[in-house]
Every structure is written in C-alpha cells, then in structure tokens.
Amino acid sequence: DQQVKQNSPSLSVQEGRISILNCDYTNSMFDYFLWYKKYPAEGPTFLISISSIKDKNEDGRFTVFLNKSAKHLSLHIVPSQPGDSAVYFCATHPNTGFQKLVFGTGTRLLVSP
Amino acid sequence: EAQVTQNPRYLITVTGKKLTVTCSQNMNHEYMSWYRQDPGLGLRQIYYSMNVEVTDKGDVPEGYKVSRKEKRNFPLILESPSPNQTSLYFCASSLGWGGRWADTQYFGPGTRLTVL
C-alpha cells in the first residue's frame, strides 16, 4: 500500500527550462513533506520540505507546492541545470509514527544541455 | 568531516549465511535508521533508533535485526539472508528525532547486497 506515489518514473527536460516533479499522497492527515535528491552511487540528500500550514516553500531554484485538497505536491526546478540530473524522492511521516519516514518510488530527472 | 560510513559497500553472499552491515556516524546524532532501496519500490524504512538501546520497527523489518549499544554505531544484522533481501541498503542519521528531524538526515553511501 503505497502511501506516497510518484507516477512518473522519469522526466527529461532541456537545460534552462522548468522541471516539474509530482507526488500524490493518500492520507489527508499527513502534514509534513520532504524532497530528497539522489545521485548514482551516493546516498540521498535532503533538498526541501514543506509543512501543511503552507502551500509553497522556496529555496533558490527549488520550489515545493502543496495542494492539500488534491493531496498533491510538486517540486519545481527553475531553471533546470545538467547537475540537477538525479533521482528525486518525495517523503512524509506516516500516521504510524512521526519518527518514521515513507518514500515515493522516485522520479529520474535528466536535464540535457 | 561529518559523515555516515557503511561497510562493506558491496557484498555477495549465499542464502542462510549470517551477515552484518556496519554503520557509524561521527556527528553525535541521536537518531539513526536503515532503509532499503528496490526498483519500483523506492526507499523503505527497515528499523530506526531514537537513542542508545532504543530501537523500533519501520515498514519492512522482517528478516532483519538491529542493535544500538553505542550512540555512533547502528549495525544491521541478517541472521539468515534470503534472495529477497538482495537490495541497496542505506544507513542514515539525524541530530534528533523531534521537529524537523528529517530535514537534517544524513545518508551513508549505501551497501549493495546480493544474496544467492
């Protein structure tokens, strides 16, 4: 039972354009969401997060949007750079414990020059 | 340098042969956790620990054991590995386990395990 879903396994964009990565979740009680980025042969690294009291959080080229009514969040990268090519995971704390973390299946982003 | 180290990085073993993957962090973090990554399934949490001698199950704990005898170390033990435990394993640590703990979660480089 996937509590957090990333329906696009891969995404290709050109350098300088916008990348939009999407994530859907199943439980309206989830109230904190994160995005991690993972390069090959490395562990994931934290990218950006958002609390349900907000609908947007921005950090440089990265913006996360939260649509609570649709149970949907998205990560926007503007402008996209080749170094952004990686796998992106969304994550949240499940109802079974705040100390736990559940992840989506990931979206592989390829930014071409 | 702040880091989470895992050993070994690569391991090929056979069904039933007990193994331990070590994890160590040098940041004096309270929270540590193990995850596995599988194609099409993303990352799934196996076990986590909020402090020394305090451990709890994640989503996929079956077939695994952990211990937290020292703050810096959090080994993952497979008493009788099976082929379905072939996976990429990540250890992680975070300063605490309250508030925005997952924002400060550091991951190790991963251990690729193959069970034949």
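Restricting the search to segment A:93-113, which residues are closer than 24 Å to A:Gln3 by Cα, assigned to a strand (DSSP E or B) and more than 9 Å from chain B (Cβ to nearest Cβ)?
If we filter segment A:93-113 for residues that are closer than 24 Å to A:Gln3 by Cα, which is where we start, we get A:93-109.
Going one step further and asking which of them are assigned to a strand (DSSP E or B), we end up with A:102-103, A:107-109.
Across segment A:93-113, the qualifying residues are A:Thr107, A:Arg108, A:Leu109.
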| query | Restricting attention to segment B:41-63, which residues are hydrophobic (A, V, I, L, M, F, W, C), more than 7 Å from every other protein chain (Cβ to nearest Cβ) and in contact with a strand residue (DSSP E or B) (Cβ under 7 Å, 6 or more places away or on another chain)? | reply | B:Ile46, B:Val60
| query | Of the residues in segment A:37-49, how many are free of Cβ contacts under 8 Å to residues at least 40 places away in the same chain, hydroxyl-bearing (Ser, Thr, Tyr) and surrounded by fewer than 18 Cβ atoms within 10 Å (Cβ to Cβ)? | reply | 1
| task | Would you please list the contacts, defined by Cβ atoms under 6 Å and residues six or more apart or on different chains, that run from a residue in segment A:56-80 that is touching a residue at least 24 places away in the same chain (Cβ under 8 Å) to a residue that is part of a strand (DSSP E or B) and among the hydroxyl-bearing types (Ser, Thr, Tyr)? | result | A:Lys71/A:Tyr25; A:His76/A:Thr63; A:Ile77/A:Ser19; A:Ser80/A:Ser19
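Of all the residues that make up segment A:19-31, how many are touching a strand residue (DSSP E or B) at 6+ places or on another chain (Cβ under 6 Å) and open to solvent by 20 Å² or more (accessible area, probe 1.4 Å)? Steps first, please.
First, pick out the residues of segment A:19-31 that are touching a strand residue (DSSP E or B) at 6+ places or on another chain (Cβ under 6 Å): A:19-25, A:30.
Among the residues that remain, those that are also open to solvent by 20 Å² or more (accessible area, probe 1.4 Å) are: A:20, A:22, A:24.
Of the residues in segment A:19-31, 3 are touching a strand residue (DSSP E or B) at 6+ places or on another chain (Cβ under 6 Å) and open to solvent by 20 Å² or more (accessible area, probe 1.4 Å).
Between B:Ser93, B:Ser87, which is buried (at least 19 other Cβ atoms within 10 Å of the Cβ), under 17 Å from B:Val21 (Cα atoms), small (Gly, Ala, Ser) and out of contact with any Phe, Trp or Tyr (no Cβ under 6 Å at 6 or more places or on another chain)?
Only one candidate passes the filter, namely B:Ser87.
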| request: May I ask you to list the residues in segment B:36-62 that are open to solvent by 40 Å² or more (accessible area, probe 1.4 Å) and among the basic types (Lys, Arg)? | output: B:Arg44, B:Lys57
| request: Go through A:Ser85, A:Ser80, A:Ser69, A:Ser52 for me and flag whichever is open to solvent by less than 60 Å² (accessible area, probe 1.4 Å), away from every other protein chain (no Cβ under 12 Å) and over 26 Å from B:Gly40 (Cβ atoms). | output: A:Ser52
| field | Single residue of B:Ser33, B:Ser24 found to be touching a residue at least 40 places away in the same chain (Cβ under 8 Å), assigned to a strand (DSSP E or B) and either away from every other protein chain (no Cβ under 13 Å) or surrounded by fewer than 19 Cβ atoms within 10 Å (Cβ to Cβ) (or both) | value | B:Ser24
| task | Look through A:Leu109, A:Leu101, A:Leu34 and report the one residue that is at pLDDT 95 or above, under 19 Å from B:Gln45 (Cα atoms) and open to solvent by less than 10 Å² (accessible area, probe 1.4 Å). | result | A:Leu34
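The values are calculated or read from the model by the stated rules, or taken from the named source; none is laboratory data. Quantities reported herein were computed from a predicted structural model and do not represent experimental measurements. Backbone-built Cβ (ideal geometry, glycine too); neighbour counts: all protein chains shown. Only protein heavy atoms, including side chains, enter the accessible area calculation; ligands, DNA and RNA are left aside. Shrake-Rupley method; radii C 1.70, N 1.55, O 1.52, S 1.80 Å.
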